[in-house]
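J.: Once you've had a glance at the structure underneath, I'll fire off some questions.
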Amino acid sequence: MLGYIWQYVYASFLRYWLKWVVRQVSGKCELQRICAGFQPGATRTSKTEYSLQFSKNKVLRSSLQTSRDNLEQCVDHIVQAKNVKPQKDPLFRKSLHTCLLQITGYASLYTCVEDLRKETFSSDNMEHEDMLLKLWKLLMPTVKLESRVTKQWGDIGFQGDDPKTDFRGMGMLGLTNLVFFSEHYTEEARQVLSHANHPQLGYSYAIVGINLTEMAYSLLKSGDLKPHFYNTVTGNPELHHFHHLYCYLAYEFDKFWVASKPQSIMEFNHYREKFHSQVKISLHEPGVALTLTCPPNSNLPIADPGVM
């Protein structure tokens, strides 16, 4: 309780006067001090975001909702509002622009991910069907699918004869992530599938993949992934950056599961939560970057698998 009271008093009163005193001494506003005092990345961008969010200046607060097209104009307004002299601080404008691009880009990324999650898999949509069949061919290149509805789907971890029922929670986002991992990290995806089919340590590859999509989505929605994207994307994060994050989770969870040697699949929720906790702890590290160390397939462009 005392902590919340202190936060309120600091944010509402003390912080404003402290900023004023420091500006009189240094000759620079808080945003200038942040941009000059920290290297590009999560720490700088997060501190910039906090400064803008709790500013008493409406121009600064509204900058967090600006569109990419209006970003240049938004930076001009902030420079004017804070009376920053470009000739005295020539790097400030560019640094602030990068921070705002990351901050507003994160919000745009969430919108794109949410739209894909809300898109329902439809057997009447040939693009959806083609993606599903593509997943099979990528993971099982030497095995022919006998029919569209078949028990063979269980070989790559779906629950029933028709995978469409497994995409209800995450929609096309779940399938897109599965295809992206299989297409851009083919050998790694097949390795994970082989572990998933292990007689003792096995699990349902596709179902767990969709579950990890939900984990990635929840982390994005809560804002926990901001440090990762602020450190790994110098500009506007896009959908393929989210897919690469999923690839990291899929690959690392498999390693975690195998190393943990669970007694049975019934312990999945327990180990899933342990893995989730480890990821969240990692996201509190200033230099966090949840990226696979193995490079993606070099013959493929960085694109979303839904764009055929």
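J.: ASP166 fails exactly one of the following numbered conditions: (1) free of Cβ contacts under 8 Å to residues at least 12 places away in the same chain; (2) assigned to a helix (DSSP H, G or I). What is the number of that condition?
T.: (1) is the only condition that ASP166 fails.
J.: Can you give me the number of residues within the stretch 151-163 that are in contact with a helix residue (DSSP H, G or I) (Cβ under 8 Å, 6 or more places away or on another chain), open to solvent by 30 Å² or more (accessible area, probe 1.4 Å) and of a type outside the set (Asp, Glu)?
T.: Count: 1.
J.: Exactly one condition in (1) touching a Leu at 6+ places or on another chain (Cβ under 8 Å); (2) in contact (Cβ under 8 Å) with a residue 24 or more places away in the chain; (3) loosely packed, with under 13 Cβ neighbours inside 10 Å is not met by MET172; state its number.
T.: (3) is the only condition that MET172 fails.
J.: Also, I was wondering about something else. If you check every pair at least six apart or on different chains, which have Cβ atoms under 7 Å apart with a residue in the stretch 49-67 that is more than 16 Å from LYS226 (Cα to Cα) and free of Cβ contacts under 8 Å to residues at least 12 places away in the same chain first and a residue that is surrounded by 13 or more Cβ atoms within 10 Å (Cβ to Cβ) and among the small types (Gly, Ala, Ser) second?
T.: ARG61/SER55
J.: Let me ask something else about it. Of these, TYR8, TYR50, TYR16, TYR4, which one is at pLDDT below 90, in a helix (DSSP H, G or I) and surrounded by 11 or more Cβ atoms within 10 Å (Cβ to Cβ)?
T.: Numbers: TYR8 fails: surrounded by 11 or more Cβ atoms within 10 Å (Cβ to Cβ); TYR50 fails: at pLDDT below 90; TYR4 fails: surrounded by 11 or more Cβ atoms within 10 Å (Cβ to Cβ).
None of the others qualify; the one that does is TYR16.
J.: Now for a different question. For the stretch 260-276, enumerate the residues that are open to solvent by 30 Å² or more (accessible area, probe 1.4 Å) and over 25 Å from the mean Cα position of the chain (by Cα).
T.: SER260, LYS261, GLN263, SER264, ILE265, MET266, GLU267
J.: Additional query: If you check GLY209 against the conditions, is it open to solvent by less than 50 Å² (accessible area, probe 1.4 Å) and farther than 19 Å from LEU135 by Cα?
T.: no
The values are calculated or read from the model by the stated rules, or taken from the named source; none is laboratory data. Keep in mind it's a predicted model, so treat the numbers as computed, not measured. No Cβ is skipped: glycine too gets one built from the backbone with ideal geometry, and neighbour counts run over all protein chains shown. These area figures cover heavy atoms from the full protein model, side chains too; ligands, DNA and RNA do not enter into them. Shrake-Rupley method; radii C 1.70, N 1.55, O 1.52, S 1.80 Å.
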